[in-house]
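Asks: Below: one structure in structure tokens.
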Amino acid sequence: MKKIKLVLTFDYELFLRKSGTIDECLIKPTRLILKNLKKNRISAVFFIDILHLYRLKKSCLNHQYDLVVQNIHEILKEGHMVELHIHPHWLDASFDKENQTWDLSNYSNYQLSSLSNKDASNCFRIGYNLLDKIIKEHNPNYEISFFRAGGLCIQPFKIFEPLLREFKIYNDCSVAPGMFSNSDSHNYDFSNHKRLTPYKFKDNPINEDVFGEFMEFPINTYQVDLSDKIKSKLFYKKSSRNVVFGDGVSMAPKKEKRSFYDKFKKVKYFYSLDGDYNEALMIKKIQSSKMDIITIISHPKLMSFSSLSTIDKMASNNFFEFVTYKDLVN
């Protein structure tokens, strides 16, 4: 029986409006995740929101910095991948000393493309060099080789291309085929892109090119139709185990006018263990997907005890095999 390969990825970051605390959003949930992954003998990929650590360092918040670095070293010690993730609007964040949290509600520089070429380059270099330093404190031989753009905003790629080449990062994990966003913060358009499994590209991550130097590892989604919605309404019940670990405030979603008929339309969801999702439906969608490889995107801050139970169930499912991106390129 051919198994579906599952890649568990985690964006290791605080909430991107009101940050919440590092203990509840990062340290505690990540340790729970690591314990669960070890029990199930699963290796995963953690994309580190590195400019958070840069701001901790610049603000002389040494205790918090050391705690997060120790947590990253714990991830590496367990044999997981640690890769680069950049949210430029950390440069505009302000620190609340009383609550020991950050205000990130200024989204003017949420995307790297909102910065000048010089500032974007400096931002990327700062992030890469700091993450590389942290990693090599634990493992001098580890090389960063994968990237995920903050908010998946990898377009226009011409900003990223010279930087990725400079640091010899030829693997991107930012494209979500079929998804689209145009808000005050996020701006990407993968709506007409249909390539669901890893592929090569040259200068545009949504244009496959077998002669390209770069490799794209798409983030996958599943479709929920009216029948799925009705079944979820009838049979799915929320539980206290679905309460997320983090204590911050997420970005406010873009408000769109919705008609009565929108309720009957098909909707796409990321394969994810975040928040209040329908476990049975998602596992069913994975099994029926007919795909060889599926990337699951989650965040420690948005995980719950239900999320950990889902990992247990997927690990015991004979249809699935857990791999990392490096397994797919080797």
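The values are calculated or read from the model by the stated rules, or taken from the named source; none is laboratory data. Here the structure is a predicted model, which means the values were calculated and not measured. Here the Cβ is made from the backbone with ideal geometry for all residues, glycine too, and neighbour counts use every protein chain on show. Note: areas computed on protein heavy atoms with side chains; ligands, DNA, RNA excluded. Shrake-Rupley method; radii C 1.70, N 1.55, O 1.52, S 1.80 Å.
Asks: How big is the accessible area of residue 184 in square angstrom, nearest 10, if you roll a 1.4 angstrom probe over the protein chains?
Replies: The accessible area of residue 184 comes to roughly 150 Å².
Asks: Follow-up. Can you list the residues, at least 5 places off or on another chain, whose amide H is less than 5 Å from the amide H of residue 146, using H built in the peptide plane?
Replies: Amide H to amide H, under 5 Å and 5 or more residues apart or across chains, residue 146 pairs with 84.
Asks: Roughly how many Å² of residue 138 are accessible to a 1.4 Å probe, to the nearest 10?
Replies: 80 Å²
Asks: Got the relative contact order for the chain handy, in percent, Cα pairs under 8 Å and 6 or more residues apart?
Replies: Here the relative contact order equals 26 percent.
Asks: Might you tell me the accessible area per residue for the chain, computed with a 1.4 Å probe and given in Å²?
Replies: About 49 Å² of surface per residue is accessible.
Asks: In addition: For residue 125, what accessible surface area do you get with a 1.4 Å probe? Give it in Å², rounded to 10.
Replies: 80 Å²
Asks: Nearest 20 debye, what's the magnitude of the dipole of the range 175-234 about its Cα centre given +1 on Lys and Arg Cβ and -1 on Asp and Glu Cβ?
Replies: So the magnitude is around 380 debye.
Asks: Follow-up. Under the rule of at least 5 residues apart or a separate chain, name every residue whose amide H is placed under 5 Å from the amide H of residue 214.
Replies: Under 5 Å from the amide H of residue 214: 201.
Asks: In debye to the nearest 20, how big a dipole does the chain give about its Cα centre with +1 on each Lys and Arg Cβ and -1 on each Asp and Glu Cβ?
Replies: The dipole magnitude comes to about 1180 debye.
Asks: Let me ask something else about it. How do 13, 321 rank by accessible surface area computed with a 1.4 Å probe, from largest to smallest?
Replies: Putting 13, 321 in descending order of accessible area: 321, 13.
Asks: In the chain, carbon and sulfur make up what percent of the accessible area (probe 1.4 Å)?
Replies: For the chain, the apolar C and S fraction of the accessible surface comes to 51 percent.
Asks: Hey, another quick one. Could you order 74, 166 by accessible surface area, starting with the largest, using a probe radius of 1.4 Å?
Replies: Sorted by accessible area, descending: 166, 74.
Asks: Of the lysine pairs in the range 64-183, how many meet both conditions: Cα atoms under 28 Å apart, and a spacing of 8 or more in sequence or different chains?
Replies: Here the count comes out as 12.
Asks: What distance in nm separates the two pseudo spin-label positions at residue 100 and residue 316, each 7 Å out from Cα along the beta-carbon direction?
Replies: Taking the simple label geometry, residue 100 and residue 316 are separated by 3.8 nm.
Asks: Note down the nm distance, to one decimal, between modelled labels 7 Å out along Cα→Cβ at residue 195 and at residue 126.
Replies: Distance between the two pseudo-spin positions: 3.3 nm.
Asks: Just one of [x] 46, 24, 19; [y] 28, 23, 22; [z] 31, 23, 20 is semi-axes √(5λ) of the Cα gyration tensor in Å as worked out from the coordinates here. Which one is it?
Replies: Structure-derived value, by its label: [y].
Asks: Taking R0 as 41 Å, what FRET efficiency do you get between residue 266 and residue 116 from their Cβ-Cβ distance, rounded to the nearest 0.05?
Replies: Approximately 0.50, to the nearest 0.05.
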